[in-house]
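**Q** So that we are looking at the same thing, I have put the structure below in structure tokens.
The values are calculated or read from the model by the stated rules, or taken from the named source; none is laboratory data. Predicted model, so just to flag it, every value in this text is computed and none were measured. Glycine also receives a Cβ, built like all others from the backbone with ideal geometry; neighbour counts cover every protein chain displayed. Ligands, DNA and RNA are excluded from the accessible area calculation, which covers all protein heavy atoms including side chains. Shrake-Rupley method; radii C 1.70, N 1.55, O 1.52, S 1.80 Å.
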Amino acid sequence: MNEQETQNLTTQKRVNPFFLPYDTPHDTVPFDRIRLEDYEEAFMEGIRRDNEQIEKTINNPEKPTFDNTIINTEEDEGYYDLLSRVSTVFFNLLSAETNDEMDALAQKMQPILTQHANDVRLNPRLFARIRQVHLHHRKLTPEEKMLLDNCYDGFVRSGALLDDEGKERLRQLTEEASMLSLQFSQNLLKENKAFTLDITDETQLDGLPDTAREAAALTAKEQQKQGWVFTLDMPSYSPFMTYSTQRELRKQLYMARNTVCTHNNSENNLEICKRIVNLRREIAQLLGYKTYADYVLKRRMASNTRNVYRLLDDLIDAYKPTAIKELDHLRQQAKKDVDKLMPWDTAFYSHQLQMKKYNLDQEMLRPYFELSRVISGVFGLANKLYGITFKENKDIPVYHPDVKAYEVFDKDGSYLAVFYADFHPRKGKQGGAWMTEYQGQYIDKKGENVRPHVSVVMNLTKPTAEKPALLTLGEVETFLHEFGHSLHGMFANTRFESLSGTNVWWDFVELPSQFMENYAVEKDFLRTFAFHYQTGEPLPDELISRIVKSRNFMVATACLRQVSFGLLDMAYYTKKDAFTDDIIPFEKRAWQKAILGTQLPDTCMTVQFSHIMAGGYAAGYYSYKWAEVLDADAFSVFKRQGIFNPKTAQRFRDEVLSKGGTEHPMTLYKRFRGGEPTIDALLKRNGITRKSH
């Protein structure tokens, strides 16, 4: 047999890896075996299997019960949800490792998948069975009752009670909305990756630290250019804005980042955002709600728009006086150089002011935050708190050489989870940082606890030829934040996957992540891993003292920035009438009461605000501040009882982290805390004194 015939035979024998047992360590995704053409085939077969299962359910002659209607799929021997399996891999990689072919396939599959989701949720015979169970269920456990309520509410909130005309209209709206959200993300990635600031004159690097210069030289080399290249990725953008003395270049970079997707080209998101807002409003109103925010907040801890605005207004009242003083100090610092402080000056003069007040900047700390030591520190923290351990396993397939895969073991030595970490920016990767899952936790019908595969994806400083990856303190906080989400996933211990891990209400999901950020400025934690990458010397006490003292530097300004995003989000999604305004001026008005500095006429946040346009935070961006109240309150318990106290940590694990969405989040929180949270711990942590009224 010649080589061509052998190759043909091999090709004929190949089976789509999504259709087979993965046969990998812990049944992890076989990234190395998946080809582009496998996705579409698996999507279509997954839809076919879904439809077959639904037919089986609705044609079941037996009386509808919880077992034969709500969880019947799990009763089939060897069953796995193919559609969920392929969707999880495809859409995770669409954010972390995409390319033009993946983007094109996403455009093709998105309407098909949305149509299928509508077919399921708008199936009257299937809903009739679910409704029967909801009305007449007997003797369910609290977790079963939660799953049933979620299932019933999910169908109702997806239009199951609408008449045929309403259902048809809902189909049109949801299909268009899903396509536009995808288009929004793809436009944003293309625009962000398209811009580079190319420098060939070394004098234009004035002020930049060696780490920024070396990284820019590496980027230039990767792009086969001369000199130094700066991009809109945060590890490149942030140091340039902080240290460069070249004001015109700072302006150029700032304007590039803050005008993405507003230009007269195919990546413009202005009309897309306007349409997304209107589609969501119309969907909510079709389902009987006044606004999209009313629809969303029905299943949030905040429960209504009044409570959201109360939180945002309370924060403005508490923090604005301090923020005004902070801005005045910044202007005083800048006035020796510039007539007027502009947005591209803020980071530069903030750095100068921080040096003046605390003699501290992120470059001083970088040598002590070498990535492998930070990883050891973060894993060590999890070990101190919960007794868990991490072991890298190179036999677990990964989707890019940058990605590391770890097995996680519980304190009794039993296998707990798989943890993937993807640290650095690259061409096919969205900006920002996030946690996701390739497999959620659940207990199968044989009683086996199927453990989760969680992943954190970040855009941290890359190593260069001269130096390993040296992080800023802010990047250490980002790692801790996403790691907190991953603990929520890894500790999941529920019966049903849809209730496990981070499957909780959006304004509760940020509690575990923001809780972990508290450790970044704790001396006893820094002592465990912060050693100079060359000398091995520990981070000096004096530097730690400066970190702690500077913790609240510009804290009020940072708070108002988050509040401004919350106000913008609510402005879009509390609209009762058609949104016809021009996006840019609308944005300026919407968040005005939280903005203190100069607003520029051409910059726009909305067109790059993925959280509320393409993510799950529409009418929910306030969640970050809501959860910050919770995390400060929760960490105050640890501050009293010991930041590494294993008994307190075990209670946090048992009462919050392992429970997922099996109970109302406030019930879980109060069980851990002993009462409802107040804003007081957050104000105390931030050094804010509230005005007495």
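**Q** In Å, what Rg and Dmax follow from the Cα atoms of segment 389-514?
**A** When restricted to Cα atoms, segment 389-514 yields Rg and Dmax of 15.5, 54 Å.
**Q** Multiply the residue separation of K356 and Y415 by 0.36 nm, subtract the distance between their alpha-carbon atoms, and state the gained length in nm to one decimal.
**A** 16.3 nm
**Q** What's the Cα-based Rg to Rh of segment 571-693, Rh via Kirkwood?
**A** 1.08
**Q** For segment 588-645, state the average projected area of the convex hull of the C-alpha atoms over all orientations, rounded to one decimal in nm².
**A** On the way: hull surface 25.4 nm².
Dividing the Cα hull surface by four gives the mean projection, 6.3 nm².
**Q** Something else now. Roughly speaking, what is the centre-to-centre gap between segment 516-586 and segment 192-247 when only Cα atoms are used, to the nearest Å?
**A** So the two Cα centres are separated by 24 Å.
**Q** Taking a label point 7 Å from the Cα of D314 along the Cα→Cβ vector, which residues of segment 620-638 have an amide N closer than 15 Å to it?
**A** Residues 622-634 qualify, since their backbone N sits under 15 Å from the label point.
**Q** Sort the following peptides by mean Cβ neighbour count (other Cβ atoms within 10 Å, averaged over residues), highest first: 605-615, 129-139. Intermediate values should be presented prior to the final figure.
**A** Working: 605-615: 21.5, 129-139: 14.9.
Descending mean neighbour count gives 605-615, 129-139.
**Q** So, one more: For segment 105-171, list log₁₀ I(q)/I(0) at each q in 0.13, 0.14, 0.21, 0.23 Å⁻¹, using the Debye formula over Cα point scatterers of equal strength and ignoring solvent, two decimals each.
**A** The Debye formula, applied to the Cα set alone, gives -0.44, -0.50, -0.87, -0.96.
**Q** Using the C-alpha atoms of segment 127-263, what convex hull volume per residue, in cubic angstrom, is computed?
**A** Details: hull volume 25.4 nm³, N = 137.
Given the Cα convex hull of segment 127-263, per-residue volume reads 185 Å³.
**Q** Here is a follow-up. Along its principal axes, what span do the Cα atoms of segment 387-437 show, with the longest given first and each in whole Å?
**A** Dimensions of segment 387-437 along the principal axes of its Cα atoms: 41, 22, 15 Å.
**Q** At H329 and R247, where each label point lies 7 Å from the Cα along Cα→Cβ, what is the point-to-point distance in nanometres?
**A** Here the modelled spin labels are 2.3 nm apart.
**Q** Among K549/K670; K340/K588; K13/K427; K13/K391; K411/K446, which pairs are too far apart, with a Cα-Cα distance over 28 Å?
**A** On the way: K549/K670 31 Å; K340/K588 20 Å; K13/K427 34 Å; K13/K391 35 Å; K411/K446 24 Å.
Too far apart for the 28 Å limit: K549/K670; K13/K427; K13/K391.
**Q** For segment 430-573, rounded, prolate or oblate, judged on the Cα gyration tensor with a ≥ b ≥ c (square roots of eigenvalues), a/c < 1.5 rounded, else prolate if a/b > b/c? Let's see the in-between values first.
**A** On the way: a/c = 2.11, a/b = 1.39, b/c = 1.52.
The shape class here is oblate.
**Q** Give me the distance in nm between label points sitting 7 Å out from Cα along the Cα-to-Cβ direction at E101 and K63, one decimal.
**A** 5.5 nm
**Q** If you don't mind, another one. Place the peptides 17-24, 278-285 in order of packing, highest mean first, counting for every residue the other Cβ atoms within 10 Å and averaging per peptide. Before the final figure, lay out each step's value.
**A** Working: 17-24: 15.1, 278-285: 20.6.
Put in order of decreasing packing, that is 278-285, 17-24.
**Q** Here is a further query. Taking every pair of alpha-carbon atoms in segment 641-693, give the share separated by more than 14 Å as a whole percent.
**A** On the way: 887 of 1378 pairs.
Distances greater than 14 Å cover 64 percent of the Cα pairs.
**Q** Grab the beta carbon distance between K588 and R527, set R0 = 60 Å, and tell me the FRET efficiency rounded to 0.05.
**A** Values: r = 46 Å, r/R0 = 0.76.
The value I calculate is 0.85.
**Q** Then there is this: Order 32-43, 471-482 from most to least packed using the mean count of other Cβ atoms within 10 Å.
**A** On the way: 32-43: 16.2, 471-482: 22.2.
Descending packing order for the listed peptides: 471-482, 32-43.
**Q** Further question on the same structure: Accessible area of segment 574-656 with a 1.4 Å probe: how many percent of it is carbon plus sulfur? Present the calculation step by step, with values, prior to reporting the outcome.
**A** Working: 1670 of 3220 Å².
Of the solvent-accessible surface of segment 574-656, carbon and sulfur hold 52 percent.
**Q** While we're looking at this one, here's another question. In nm², what is the average projected area of the convex hull enclosing the Cα atoms of segment 242-378? It would help to have the intermediate numbers written out before the result.
**A** On the way: hull surface 57.1 nm².
Average of the hull's projected areas for segment 242-378 equals 14.3 nm².
**Q** Using r as the Cβ-Cβ distance of L20 and N449, and R0 as 25 Å, what FRET efficiency do you calculate, to the nearest 0.05?
**A** For R0 = 25 Å, the calculated efficiency reads 0.60.
**Q** Using a simple spin-label model with points 7 Å from Cα along the Cα→Cβ vector, what separation in nm is obtained for R651 and D339?
**A** With each label placed 7 Å out from Cα toward Cβ, I get 6.1 nm.
**Q** How would you classify segment 26-116 from its alpha-carbon gyration tensor, with a ≥ b ≥ c the square roots of the eigenvalues: rounded for a/c under 1.5, else prolate if a/b is greater than b/c, otherwise oblate? Let's see the in-between values first.
**A** On the way: a/c = 3.00, a/b = 1.93, b/c = 1.56.
Prolate.
**Q** Provide the FRET efficiency to the nearest 0.05 for the I54-M255 pair, computing r from the beta carbons and using R0 = 51 Å.
**A** Working: r = 52 Å, r/R0 = 1.01.
Between I54 and M255 the formula returns 0.50.
**Q** Using the Cα atoms of the chain to build a convex hull, what is its mean projected area in square nanometres? Spell out each step's value before the answer.
**A** Values: hull surface 136.3 nm².
For the chain, the mean projected area of the Cα convex hull comes to 34.1 nm².
**Q** Moving on to the next point. Using 0.36 nm per residue of separation minus the Cα-Cα distance, give me the extension gain between H400 and D541 in nm, one decimal.
**A** On the way: separation 141, 0.36 × 141 = 50.76 nm, distance 3.85 nm.
Gain on stretching H400 to D541: 46.9 nm.
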